[in-house]
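Let me begin by presenting the structure, written as structure tokens, before commenting on it.
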Amino acid sequence: MANSPDTGLVKDESVLVTEAKAGSYEAFEELVNRYEKKIYRLGLNLSGNPEDAEDMLQETFLKAYEHLPNFREDSRFYTWIVRIAINQGLMKLRKRRSSKEVQMEDATNDDGDVIPREFADWRPNPEQEMERTELENILQNAARALPMTFRTVFLLRDVEGLSTEETAEMLNLSEGAVKARLFRARLRLREELSKILKRG
């Protein structure tokens, strides 16, 4: 049982899962590092709120750590945690709807000043940046207006770039149902965006 140092070598996901199941916290941490950005982005796209996305991220990995012994490895670890993340996100949205919180709230600093949302670390000129941010806001708001059944399919396929097969597996749907929902989601988005752009 010699432990050869893996410097420079990227461990396979299944190896990390096996090690994490055997009690290696380092292996689990590596899995977190590998996927936290994707899960955070999914949370942000589902909720539209950085705080909720952060909560969702933490809850997802806590649940994954808790239930790791039950993970059967008949699917990818990433597929499994996305499923957990979607469940966490849906629960959060249901709670928020019942407590009638505002969907798009801006983060504030200690002085109560609004912290502007940033979608990228690089900036072209301010005018281009404003147009791009406006467009992204429009698209995100339009996506959030979709019914949840269409929104989750759209986010997984078009935003996260998962395959139809992976999306179907995550949502327990047939591939045909995924394609149909994605088609309807894109249609509704196109309709919504053309309305908004005409108004502008």
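The values are calculated or read from the model by the stated rules, or taken from the named source; none is laboratory data. Treat the numbers as computed from the prediction; the structure is a model and nothing was measured. All Cβ positions, glycine included, derive from the backbone under ideal geometry; neighbour counts span all protein chains shown.
General remarks:
- Residues of segment 21-52 satisfying the condition of being modelled with pLDDT under 85 and touching a Leu at 6+ places or on another chain (Cβ under 6 Å): 45
- Matching residues, segment 168-197, being within 20 Å of the chain's Cα centre (by Cα) and of a type in the set (Lys, Arg): 179, 181, 186
- Contacts under 6 angstrom Cβ, first residue in segment 85-103 being modelled with pLDDT of 75 or more, partner of a type in the set (A, V, I, L, M), 6 or more apart: 85/39; 85/42; 88/56; 89/46; 89/56
- Filter result (over 22 Å from residue 134 (Cα atoms) and small (Gly, Ala, Ser)) within segment 146-200: 161, 163, 168, 174, 176, 177, 180
- Residue in segment 121-135 that is touching a Phe, Trp or Tyr at 6+ places or on another chain (Cβ under 7 Å), over 26 Å from residue 61 (Cβ atoms), at pLDDT below 85 and assigned to a helix (DSSP H, G or I) present: yes
- Single condition residue 141 does not satisfy, out of (1) surrounded by 14 or more Cβ atoms within 10 Å (Cβ to Cβ); (2) part of a loop (DSSP other than H, G, I, E, B); (3) modelled with pLDDT under 80: (2)
- Residue 6 being acidic (Asp, Glu), modelled with pLDDT under 90 and surrounded by 16 or more Cβ atoms within 10 Å (Cβ to Cβ): no
- Residue check: residue 162 meets all listed conditions (1) under 30 Å from residue 73 (Cβ atoms); (2) assigned to a helix (DSSP H, G or I) but one, namely (2).
- Taking (1) closer than 20 Å to residue 169 by Cβ; (2) at pLDDT below 85; (3) of a type outside the set (Asp, Glu) in turn, residue 80 satisfies each apart from (2).
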